[in-house]
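For reference, the structure discussed in these notes is given below.
The values are calculated or read from the model by the stated rules, or taken from the named source; none is laboratory data. If you're wondering where the values come from, they're calculated on a predicted model, not measured in any experiment. We place every Cβ from the backbone using ideal geometry, glycine too, and count neighbours over all the protein chains shown. Accessible surface areas use protein heavy atoms only, side chains included; no ligands, DNA or RNA. Shrake-Rupley method; radii C 1.70, N 1.55, O 1.52, S 1.80 Å.
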Amino acid sequence: GCACPGSAYLAGPGDAGGSWRCAACPPNSFSPLGSLSAAACLCQSGFYQAETGGGKECVACPAGSISPGGSSDAGACQCPAGTYGHPHLGTCSACPPRSTSAEG
């Protein structure tokens with residue numbers, strides 16, 4: 001059968017448009033090949049899913065922090081390896097010379 005490409009999903013007649021078609025995932029998200037609903041769209045690395053006035057959307061982690069793909073809350077944003085600080089405040093700083101840290 002037919003399948004929608006990655007970063008798209010099959011939108012049915014009940015969705016806007018009135019016929020079966022492949023609809024793009026929201027900005028900053030992706031989905032596997034053949035996805036059958038918008039729920040299959042997951043946030044890209046560096047973003048997390050948040051409730052906004054317009055529904056759910058992928059929001060960027062604070063500056064300097066990262067998150068794995070598919071993150072569903074701000075708690076997934078962490079300082080990258082070699083840095084430390086408060087990722088939720090966007091304050092990830094480089095470790096002092098001759099020291100390092102794991103991600104988080």
Pairs where the first residue, in the stretch 30-45, is over 19 Å from residue 67 (Cα atoms) and the second is part of a strand (DSSP E or B) and of a type in the set (Ser, Thr, Tyr), C-beta under 7 Å, 6+ apart | 35/9; 36/9; 37/9; 38/9
Test set (1) touching a Cys at 6+ places or on another chain (Cβ under 6 Å); (2) at positive phi; (3) without any contact (Cβ under 8 Å) to a residue 24 or more places away in the chain - residue 22 fails condition number | (2)
Look through 67, 37 and report the one residue that is of a type in the set (Ser, Thr, Tyr) and touching a helix residue (DSSP H, G or I) at 6+ places or on another chain (Cβ under 9 Å).
-> 67
Looking at (1) touching a Phe, Trp or Tyr at 6+ places or on another chain (Cβ under 9 Å); (2) open to solvent by 50 Å² or more (accessible area, probe 1.4 Å), which is the one condition that is false for residue 53?
-> (1)
Mind checking whether some residue in the stretch 60-75 is at pLDDT 85 or above, open to solvent by less than 40 Å² (accessible area, probe 1.4 Å) and under 30 Å from residue 2 (Cβ atoms)?
-> yes
Do we have residue 81 as farther than 19 Å from residue 30 by Cα and at pLDDT 85 or above here?
-> yes
Scan the stretch 64-80 and report the pairs whose first residue is within 9 Å of residue 48 (Cα to Cα) and whose second residue is among the small types (Gly, Ala, Ser) and part of a loop (DSSP other than H, G, I, E, B), with Cβ atoms within less than 8 Å and a gap of 6+ or a chain change.
-> 67/45; 67/46; 68/45; 69/45; 76/67; 77/65; 77/67; 77/71
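One line per residue, one yes/no per condition, for (1) more than 8 Å from the chain's Cα centre (by Cα); (2) part of a loop (DSSP other than H, G, I, E, B); (3) of a type in the set (Val, Ile, Thr); (4) over 14 Å from residue 87 (Cα atoms):
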| position | (1), (2), (3), (4) |
| --- | --- |
| 33 | yes, yes, no, yes |
| 36 | yes, yes, no, yes |
| 39 | yes, no, no, yes |
| 45 | no, yes, no, yes |
| 48 | no, no, no, no |
| 51 | yes, no, no, yes |
| 58 | no, no, no, yes |
| 62 | yes, yes, no, no |
| 71 | no, yes, no, yes |
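Can you pull out the residues in the stretch 81-93 that are in a loop (DSSP other than H, G, I, E, B) and either in contact (Cβ under 8 Å) with a residue 24 or more places away in the chain or touching a strand residue (DSSP E or B) at 6+ places or on another chain (Cβ under 8 Å) (or both)? Lay out the reasoning, then the answer.
Narrowing the stretch 81-93 to residues in a loop (DSSP other than H, G, I, E, B): 81-82, 90.
Of everything in the stretch 81-93, those that are in a loop (DSSP other than H, G, I, E, B) and either in contact (Cβ under 8 Å) with a residue 24 or more places away in the chain or touching a strand residue (DSSP E or B) at 6+ places or on another chain (Cβ under 8 Å) (or both) turn out to be 82, 90.
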